[in-house]
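Right, I'll just put the structure down here and ask away after.
The values are calculated or read from the model by the stated rules, or taken from the named source; none is laboratory data. This structure is a prediction, so every number in the text was calculated from the model and none was measured. Cβ: placed from backbone, ideal geometry, glycine included. Neighbour counts: every protein chain shown.
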Amino acid sequence: MDLRSLETLVRVSELGSLTKAAAALGVTQPSLSRVIGRLEREIGGALFHRTGRGVSLTELGEAALPRARALLVDAEQWSADMRDLGRSPSGGVTLGILPSMMGPLAARLFEELRARLPGIRLRVFEGFSEQIAQWVAEGRVDIGLLSRYRAIRASVDDVLLTSRLLLVGPGAPAALPATTEFSRLARMPLVLPASPNGLRVLLDETARKQRLKLNVVLEADSLDAQKAVVRRCACYALLTSQAIFEELASGALSASRIVKPELTRAVVVTTNTQRPMSRAGREVLRTIRQVVADLIDGKT
């Protein structure tokens, strides 16, 4: 058993055809069949059902496939690490970042990487959680930062940051109090993202539990549009401090912590599990964590 045998197993299972897999791997079909046969003898059972339309995994094959993929990923990661050993990390790394995180994170991240790791080239895309999750799954981005408004699964979710949700309104002289009960939102003109946005789903569910009807005067998925309407039209939005840190500092907007109940948003890290992250990617992720920690501590 070797990595080539495991790669053959994975490719045949993906394509469902010995002929197609042989062409993809650049070998003859008899040669590929011999590899599968040797692997089946070593394991002690059939990996595929042969039919007139191709092949499908047996129960044993279904059990073997994820382990084979994991071994191949580990091998690729080992190979990449050995190539990079002794060299400064380099290459392109693509990020998917939430609009609320773009302002406080992007410039600081670029500044830090340019100073310490100039060989790394960043590409940054802005999007909402659903878009970013799709980009990661498709391999378009290496690292994605997503919002989670529901219970965090400690064993699964890689939490980067947890923030309270704030009621955001115009600045002085109409500044908001320190806290606002959720029930008061029913009497306020709100600017919210449209469903199925995670924030909107959370707010609608919370309102239903309290038997309230939110007064949504505008649906806008653009963060800039929400903030502009709040400033100019005496409306209110539900955001985190990261989304409005510049406006709070300048006094253009004011904010009030939502209570009864207190609502939070977690930003979680997601990466493509189908391929190993490069050393450059791991350095970018480590730098993201440090920049966010500095922001929380008020160092930058």
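Looking only at residues in segment 31-52 that are in a loop (DSSP other than H, G, I, E, B) and modelled with pLDDT of 90 or more, which one is surrounded by the most Cβ atoms within 10 Å (Cβ to Cβ)?
Ranking the qualifying residues of segment 31-52, first place goes to Leu47.
Still on this structure: Only one residue in Arg184, Arg265, Arg211 is part of a strand (DSSP E or B) and within 27 Å of Ala151 (Cα to Cα). Which one?
Step by step, each of Arg184, Arg265, Arg211 is checked, and only Arg265 is part of a strand (DSSP E or B) and within 27 Å of Ala151 (Cα to Cα).
Tell me the residue from Thr270, Thr287, Thr240 that is surrounded by 15 or more Cβ atoms within 10 Å (Cβ to Cβ) and at pLDDT 95 or above, please.
Thr287
If you don't mind, another one. Name the pairs: first residue in segment 193-218 and over 11 Å from Pro261 (Cβ atoms) and free of Cβ contacts under 8 Å to residues at least 24 places away in the same chain, second residue among the acidic types (Asp, Glu) and part of a loop (DSSP other than H, G, I, E, B), Cβ to Cβ under 9 Å, at least 6 apart or on different chains?
Listed by first residue and then by second, the contacts come to nothing, as the list is empty.
If you don't mind, there's one more thing I want to ask. Determine whether segment 6-24 contains at least one residue that is free of Cβ contacts under 8 Å to residues at least 60 places away in the same chain, farther than 26 Å from Val141 by Cβ and not in a helix (DSSP H, G or I).
yes
Hey, can you tell me all the residues within segment 106-154 that are under 14 Å from the mean Cα position of the chain (by Cα), within 15 Å of Gly281 (Cβ to Cβ) and surrounded by 17 or more Cβ atoms within 10 Å (Cβ to Cβ)?
Passing the criteria: Trp135, Val136, Val141, Asp142, Ile143, Gly144, Leu145.
Please name all residue pairs, on different chains or six or more residues apart, with Cβ atoms under 6 Å, provided the first residue is in segment 55-70 and is of a type outside the set (A, V, I, L, M) and the second residue is in a helix (DSSP H, G or I).
Arg69/Val10
Evaluate segment 133-154: report whether one residue or more is polar (S, T, N, Q) and either part of a strand (DSSP E or B) or at positive phi (or both).
Checking segment 133-154: at least one residue is polar (S, T, N, Q) and either part of a strand (DSSP E or B) or at positive phi (or both).
Restricting to segment 268-284, count the residues that are in contact with an Asp or Glu (Cβ under 9 Å, 6 or more places away or on another chain) and assigned to a helix (DSSP H, G or I).
4
Follow-up. Could you go through segment 53-68 and let me know if any residue there is part of a helix (DSSP H, G or I), farther than 28 Å from Ser278 by Cα and of a type in the set (D, E, K, R).
Checked segment 53-68: at least one residue is part of a helix (DSSP H, G or I), farther than 28 Å from Ser278 by Cα and of a type in the set (D, E, K, R).
What are the residues in segment 86-105 that are touching a Gly at 6+ places or on another chain (Cβ under 7 Å), free of Cβ contacts under 8 Å to residues at least 60 places away in the same chain and buried (at least 18 other Cβ atoms within 10 Å of the Cβ), if any?
Result: Gly96, single match.
In segment 42-89, what residues are of a type in the set (Ser, Thr, Tyr) and under 30 Å from Ile120 (Cα atoms)?
Correct list: Ser79, Ser88.
If you don't mind, another one. Return yes or no: is Leu248 surrounded by fewer than 20 Cβ atoms within 10 Å (Cβ to Cβ), assigned to a strand (DSSP E or B), within 30 Å of the chain's Cα centre (by Cα) and aliphatic (A, V, I, L, M)?
no
Can you tell me which of Leu176, Leu145, Leu185 is hydrophobic (A, V, I, L, M, F, W, C), outside the structural domain of Gln210 (by TED's automatic domain parsing) and at pLDDT 90 or above?
After applying the criteria, what remains is Leu145.
Return yes when Val136 is in contact with an Asp or Glu (Cβ under 9 Å, 6 or more places away or on another chain) and at pLDDT 95 or above and no when it is not.
No; evaluated as a whole, the condition is false for this residue.
Step by step: first the residues of segment 57-66, then only those that are surrounded by 14 or more Cβ atoms within 10 Å (Cβ to Cβ) and not hydrophobic (A, V, I, L, M, F, W, C), then the one that is farthest from the chain's Cα centre (by Cα). Which residue is that?
Out of the qualifying residues, it is Thr58.
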